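Reading through the structure tokens given below for one structure.
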Amino acid sequence: MFSQRVEGLRPSPIRSILAVIDRPGMVSFAGGLPATDVLPAWSGTVPPELLQYGPSEGDGDLRSVVSENLRALGIDAPVDRVMILSGSQQGIDLTAKLFVDPGTPVAVDDPTYLAALQVLRFYGARFTHLGTGPTDGSGDDARLAYVVPTFANPTGACMTTAERDNLAQTCVRTGAVLFEDDPYRDLVYGPCDRTPVVSRMRGGSWVYQGSFSKTFAPGLRLGFLAASDDLFRHLVVAKQATDLHSSRLSQRIVHDAITAPGWTDRLAHLVGFYRARRDVFEAALRRHFGDLASWETPRGGLFFWLRLRQPVDTRTLLGEAIERGVAFMPGEEFSPGTPALGTMRLNFSHAGADDVERGLATLATLVAGASTSPSSLYASLG
């Protein structure tokens, strides 16, 4: 009845978890949710032309602003090679449509962004390791390399300058298409080389994408991409066959926000707000998880990545955690293959200080009492 692709289609555990976080009293460390306190208010009017069809590439005013910003980062991104997306996840889907057939080798980090794994699995990708060292050839057969080099989801890691150089050179040498996903680059709290990898490429094929969800409003479902000249027109055709064009109303709202005089101040406030929340969260982690896990202080992004001192399959803890009013994301879900046990991704941006204290105390109690024996996955969510 269904296509063969559907056999590998898995529901997103994050979406399943988000379906329950609106329960009264629920503390969520699960999704990459911006804080409700910093979401914008909008009271504008809707000009009639925004209710009409628009170009597949996106409205010209917003594309021009994006192009200017990307070129300031050293990316070869003229306006005629910039496209507005219906959420940045669409960029992964469009690129996978172009390059991934069943069995196609795709190089990724382990762990990496769960939604990217979900899309790539749908098209039948065979995952290989993303090599970033000068002699690491483990991903040399890859047709596509997917990477989040700056404040990676889920680990929060930031590639070094050498790793960025080596990845750029490897993709050019092997002919792999580099897909650089960069949604967190503006949420920076400490030193990190954030220079886009694609700006270091001398030749080769690449896609660079970003998002307005983390710095503005995720509900607008708007992102953007730029691509090398050999790829862009094919991506446009793929978008035409997907949704024709992105919401023109969302594009106008975003354009007006990021070109407003106060945008730079808004970003600075947002970074300060999240840095403070990170620090509150880490202080609570030390109190409750100091003897249970290790972690690195994230220099940007929205997540802490915990490595438990015992190899507990954290997927087995999720059901009871939700019953106790706390949601988190099991780290094992972010692996493209057989996962190493005992990891958790915790979002620090969404919950306030009191909820952080209560939620981490509850999770620590569950982890401390957990056994290492496997049990059913997401049993209480079924």
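Would you mind working out the magnitude of the charge dipole of the stretch 223-315 relative to its Cα centre, with +1 at each Lys and Arg C-beta and -1 at each Asp and Glu C-beta, to the nearest 20 Debye? Present the calculation step by step, with values, prior to reporting the outcome.
Values: 14 positive and 10 negative charges, 53 e Å.
Computed charge dipole of the stretch 223-315: roughly 260 debye.
Rounding to the nearest 10 and keeping the result within 0 to 90°, find how far the Cα-based axis of helix 248-258 lies from the longest principal axis of the chain.
80
Sort VAL326, VAL236, VAL367 so the one with the fewest other Cβ atoms within 10 Å of its own Cβ comes first. Mind dumping the intermediate values first?
Details: VAL326 26, VAL236 18, VAL367 22.
Arranged by neighbour count, lowest to highest, VAL326, VAL236, VAL367 become VAL236, VAL367, VAL326.
If each residue's Cβ is checked for other Cβ atoms within 10 Å, how do SER247, SER213, SER43, SER294 rank with the fewest at the top? If you can, show how the numbers build up before the last one.
On the way: SER247 17, SER213 20, SER43 4, SER294 11.
Going from least to most buried by this count: SER43, SER294, SER247, SER213.
From the phi angles alone, apply the Karplus equation (6.51, -1.76, 1.60; θ = phi - 60°) to the stretch 186-199 and give each ³J(HN,Hα) in whole Hz, x where the residue is Gly or Pro.
7, 9, 10, 10, x, x, 6, 6, 9, 4, x, 4, 5, 6
How big is the charge dipole of the chain about its Cα centre, in debye rounded to the nearest 20, if each Lys and Arg gets +1 on its Cβ and each Asp and Glu gets -1 on its Cβ? Don't jump to the answer; show the numbers that get you there.
Details: 36 positive and 41 negative charges, 46 e Å.
Result for the chain is approximately 220 debye, rounded to the nearest 20.
Arrange the peptides 355-361, 254-260 so that the one whose residues have, on average, the most other Cβ atoms within 10 Å appears first. Present the calculation step by step, with values, prior to reporting the outcome.
Details: 355-361: 19.6, 254-260: 16.9.
Top to bottom by mean Cβ count within 10 Å: 355-361, 254-260.
Take the Cβ-Cβ distance between ARG286 and ALA162 as r, set R0 to 25 Å, and report the resulting FRET efficiency rounded to the nearest 0.05.
For R0 = 25 Å, the calculated efficiency reads 0.20.
Scattering from the C-alpha atoms of the chain alone, worked out with Debye: what is log10 I(q)/I(0) at q = 0.06, 0.11, 0.14 1/Å?
Relative scattering, expressed as log10 I(q)/I(0), comes to -0.23, -0.80, -1.31.
With the cut-off at 21 Å, report for the stretch 52-258 the share of all Cα pairs above it, as a whole percent.
Numbers: 10439 of 21321 pairs.
Roughly 49 percent, rounded to a whole number.
To the nearest Å, what is the center-to-center distance of the stretch 27-46 and the stretch 306-356, using C-alpha atoms only?
Taking the Cα centre of each part, the stretch 27-46 and the stretch 306-356 sit 23 Å apart.
Using amide H atoms built in the peptide plane, which far-off residues or other-chain residues are under 5 Å from THR343 H to H?
LEU308, THR314, GLY331, GLU332
Roughly what % of DSSP beta bridges within the chain run antiparallel, to the nearest 5? Write down the numbers at each step before the final one.
Details: 19 of 35 bridges.
Restricted to the chain, the bridges split so that about 55 percent are antiparallel.
Quick check: the distance between the Cα centres of the stretch 274-299 and the stretch 198-248, to the nearest angstrom?
The two parts, judged by their Cα centres, are 34 Å apart.
Are there cysteines in the chain with no other Cys C-beta under 4.7 Å, and if so, which?
CYS171
Does anyone have the angle between helix 161-174 and the longest principal axis of the chain? Alpha-carbon axes, 0 to 90°, nearest 10?
Approximately 60 degrees, to the nearest ten.
How many nm is it between the label spots at ALA353 and ASP80, if each spot is 7 Å from the Cα in line with the beta carbon?
Reported label-point gap for ALA353 and ASP80 is 5.5 nm.
Please report VAL106, VAL147 as a ranked list, fewest other C-beta atoms within 10 angstrom at the top and most at the bottom.
Details: VAL106 28, VAL147 25.
Lowest count first: VAL147, VAL106.
Using only Cα atoms and rounding to the nearest 10 degrees, what angle (0 to 90) does helix 263-289 make with the longest principal axis of the chain?
Its long axis makes an angle of about 20 degrees.
For the chain, modelled as a Gaussian network with Cα springs under 10 Å, which listed residue fluctuates most, PRO111, PRO154, PRO24?
Answer for the Gaussian network model of the chain: PRO24.
Any read-out appearing in this document is the output of simple, stated calculations on the displayed coordinates, not a laboratory observation. Since we're looking at a predicted model, the values are computed, not measured. Quick reminder, even Gly has a Cβ in these numbers, built from the backbone with ideal geometry, and neighbours come from all protein chains shown.
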